[in-house]
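The values are calculated or read from the model by the stated rules, or taken from the named source; none is laboratory data. Note that the coordinates shown come from a computational prediction; the quantities given were computed from them, not determined experimentally. Counting neighbours? That spans all protein chains shown, and the Cβs are built from the backbone with ideal geometry, glycine included. Remember, those area values only see protein heavy atoms, side chains included, never the ligands or the DNA or RNA. Shrake-Rupley method; radii C 1.70, N 1.55, O 1.52, S 1.80 Å.
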Amino acid sequence: MTSHPDKIGKYEILAELGRGGMGTVYKARDPILDRIVALKTMLADVLAEPGMRERFLREARSAARLQHPNIVTVYEFGEVEGAPFIAMEFLEGDTLPLAVEAKRLPDLGSKLGVVTQLCEGLAFAHRHGVIHRDVKPSNVHIVPSGVVKIVDFGIAWIEGGTTTTRTGEVLGTPAYMAPEQFSGEPIDYRVDIWAVGVILYELLTGRRPFDAKTVGALIYQIVHEPPAPIDPLLCPLPARLAGVVELALAKDPQHRFQDLGAVARALHGLGDGLATAVHPATAPARETDADLALSDAPFGSLETRPASVPATSVPGRPAPRPPTTGRAGFLDEGTFGEERKVQGILLSVDDSLLVAGGTDGSIQLWELATRTKVGTLRNRVHMRTGHGSLTTCLAFSEDGSLLASGHLDGAIYLWEVATGLELDVRLGHDGAVGGIAFPPGGATLISAGADATIKFWELPALRAGDARRTLRRQPDAVTCMTLAGMGALVVTGHVGRTIRVHEIASQRLAATLHGHHAAPNALASSPMGDLVASGARDGGVRIHHVESREQRGFHQEHSRSVAALAFFPGGQRVASVATDSAVVIWDLNAPELPITVTGPAGESFSGVCITRDGRRLICASADGRFRVWLFPGQRPPDRPS
C-alpha cells in the first residue's frame with residue numbers, strides 16, 4: 001500500500017487519487033473552509049528540471065483565470081518547503097472513458113450533451129486567451145449531476161506567454177493532436193477544435209478516426225490521410241451530425257469551424273428532442289444566421305469562412321426580427337461606478353444601497369442617492385489570497401441587516417451590513433451556487449447549487465457560527481433561484497430545462513414548470529409572488545403563473561443567454577438583459593410590443609434592478625459601471641451644482 005503524507009501545508013491528506021510521470025494528486029481537506037479538495041503536487045525529480053516549476057504555475061494560472069461551470073475550479077496555488085501544489089475542486093464521478101465503459105452515455109443525446117458542454121468550456125477559455133492544447137477523453141470529467149468539467153491545463157498556452165517543455169517531450173497526446181501541431185506551423189485555438197472533433201468521432205463510432213501501430217505512422221495519417229470513413233450501416237448518423245464531424249476534422253485550420261461556440265450551437269440544435277442522461281451546465285447562445293446555414297447544409301457541402309470575414313445573411317432565410325425600439329420618454333441619467341468587472345447587482349431593502357458582486361469575489365456597496373462607493377466587502381479567501389471566486393448571486397435578509405453572497409466555487413458568505421463584518425460561519429455547496437434567498441420570518445436562509453441540492457439553513461444558528469441545515473436533493477444541477485408566493489415558495493431553475501417549485505414550510509415539491517428549450521439562467525418573481533419570469537440560455541423569456549402552472553407569455557427578443565430579470569412594481573412589466581447593450585422591457589398587457597432601451601454600443605449589461613417606487617431602472621455593465629434610466633413621466637431630481 002502506497003503511503004502518503006499526513007499534511008501538505010494546511011491541507012489534511014485523506015487519500016491518494018492518482019500518480020503519474022509528473023506528480024501525484026491527493027484527496028485532501030481544507031480545515032479552514034471544511035472543504036474537500038484535490039491537491040496536485042509535482043515530483044521532486046521533475047521539479048528539478050529547468051522550466052517545470054513555471055509550467056506547473058502556468059497550469060494554476062490558466063485554470064484560475066477561467067471561472068466557468070465546465071472548467072475545474074482552482075482554489076489556491078502555494079508552496080511548502082519549496083514544493084509547489086495546486087488546490088482545486090474535488091470532482092466526484094468519472095472521466096469520459098470510464099463513463100463510456102460504465103455505459104453512462106447510452107444514447108446519442110447523452111453523447112452530444114457531453115461534447116456540447118466540452119465546447120462551451122473551451123470556447124470560454126479561448127475568449128480569455130487560453131488554449132488547452134491537450135484536449136482528450138481523460139481530461140474530460142463527468143460529475144454525478146451530469147456536468148462536464150475540463151481538467152489538466154498543464155500545457156495550456158496563455159496569450160502573450162511562453163512555452164516550457166521537458167526535453168524530448170511532445171506537447172499533447174498524438175491521437176488528439178491537429179496536423180499543424182506536427183508540422184511546426186504556428187498554432188492557435190483551432191487545435192482544440194480538432195481535438196473535440198476526434199472525441200466526437202470516437203464517441204459516435206467507438207473508435208478513433210486515425211489509428212496506427214506506431215506513433216510515426218499515426219502522425220503520417222493525421223497530417224496526410226482523411227479520417228476513416230464512418231460506415232452508415234454500422235453507425236447511421238444524421239447528415240448534419242456527420243457534417244459537423246467532417247468540418248471539425250478539416251486538415252486546414254481555415255476550413256474548420258472558426259470557434260467552438262458554433263460547434264456547441266450545431267450540436268445543441270441536433271440534441272433538441274433526443275433523450276439524454278447528461279445536461280449542459282451552460283447552453284450555447286441562440287443560433288446566428290451562419291449557424292442556421294450550417295444546420296441546413298447537406299453532408300459534404302458545408303462551408304466555413306475565416307474568422308476575419310463577417311457573417312452575412314443567408315439567401316432565402318429571413319433575418320431574426322429585431323426588438324422594437326422605443327426610447328422616447330426614457331431619460332438616460334448617465335453612469336457611475338469604477339473599472340472593476342461586475343457579475344450582478346442588487347438593491348437593498350430600502351433602495352439606499354446598490355450592491356455589486358464582482359468577478360473577483362468582492363462585493364461593492366454604492367450609496368444610490370449620491371452615487372458614491374461606501375465600502376468593499378472581501379471574504380476570507382479574498383483577504384488571504386488577493387482574489388476570490390466569481391459572485392453568482394446576492395441576497396438581503398428581510399430586515400436588511402444581513403447580506404449573503406454565493407460564488408462559483410460553491411462558497412456562501414454572510415455579512416452584517418451595518419459593520420461590514422463577515423460572519424464566522426462556513427457554508428456552501430459542492431459546486432457553483434445557483435441562488436440564495438432569505439424567506440420572510442428571519443428563520444431561514446435558502447441556497448441551491450450545481451451539486452443538485454437545495455439547502456435550508458437555520459438562520460439563528462448561522463448567526464451563532466453553527467452551519468445547521470436540512471437538505472433537499474434535486475434531479476439535476478440548479479442554475480438559478482427566486483422566492484414566490486409571498487415568500488412561501490422557493491423556485492429553482494435546472495440544467496434539465498425545468499423549473500421546480502417547493503413549499504418552504506414542508507420542503508415538498510409543489511409544481512414543475514416546463515416550456516424552455518434551454519436551461520433557465522435567471523429567475524424573478526412578481527411583487528405579489530403570483531408570477532415567475534424565467535430567462536433561458538437560448539434567449540427565451542417565459543412568464544408562468546405559479547399556482548395554475550400556466551404559461552402566461554413568451555418572447556425571444558434576446559439573441560444571447562439571459563443574464564438577469566426584474567419585475568416592475570405592479571407585476572405586469574418585466575425587464576431583462578443578456579450581456580449586450582440592450583434592456584428589453586416587456587408588458588404582459590401588450591406582449592406583441594416589447595420595448596428596447598439601449599445604452600452606447602460596446603456596453604454589456606450583466607445585471608438589472610428597478611427601484612421599488614418604479615422610478616428608476618439600473619443596469620450593471622460588465623466593466624463595472626452602472627447606467628441609470630428615469631422612467632416616463634418621472635422628473636429627475638435637482639442635483640447640486
Being open to solvent by 30 Å² or more (accessible area, probe 1.4 Å) and over 19 Å from T73 (Cα atoms) is the filter; apply it to the stretch 421-446 and report the residue that is farthest from the chain's Cα centre (by Cα). G441
For I504, indicate whether it is crowded, with 17+ Cβ neighbours inside 10 Å, at pLDDT 95 or above and within 17 Å of A395 (Cβ to Cβ). yes
Counting just the residues of the stretch 390-412 that are open to solvent by 10 Å² or more (accessible area, probe 1.4 Å) and of a type outside the set (A, V, I, L, M, F, W, C), which one comes out nearest to Q67 (Cα to Cα)? D409
Of A290, A250, A212, the only residue that is small (G, A, S) and at pLDDT below 80 is A290
Those residues of the stretch 115-138 which are within 15 Å of the chain's Cα centre (by Cα), open to solvent by less than 20 Å² (accessible area, probe 1.4 Å) and not hydroxyl-bearing (S, T, Y) amount to Q117, L118, C119, G121, L122, A123, A125
For the stretch 227-241, pairs from a residue that is more than 21 Å from D211 (Cα to Cα) and open to solvent by 60 Å² or more (accessible area, probe 1.4 Å) to a residue that is in a loop (DSSP other than H, G, I, E, B) and not small (G, A, S), with Cβ under 8 Å and 6 or more apart or across chains, are R240/F299
Flagged in the stretch 139-151 as without any contact (Cβ under 8 Å) to a residue 60 or more places away in the chain and surrounded by 24 or more Cβ atoms within 10 Å (Cβ to Cβ), in numbering order, are V140
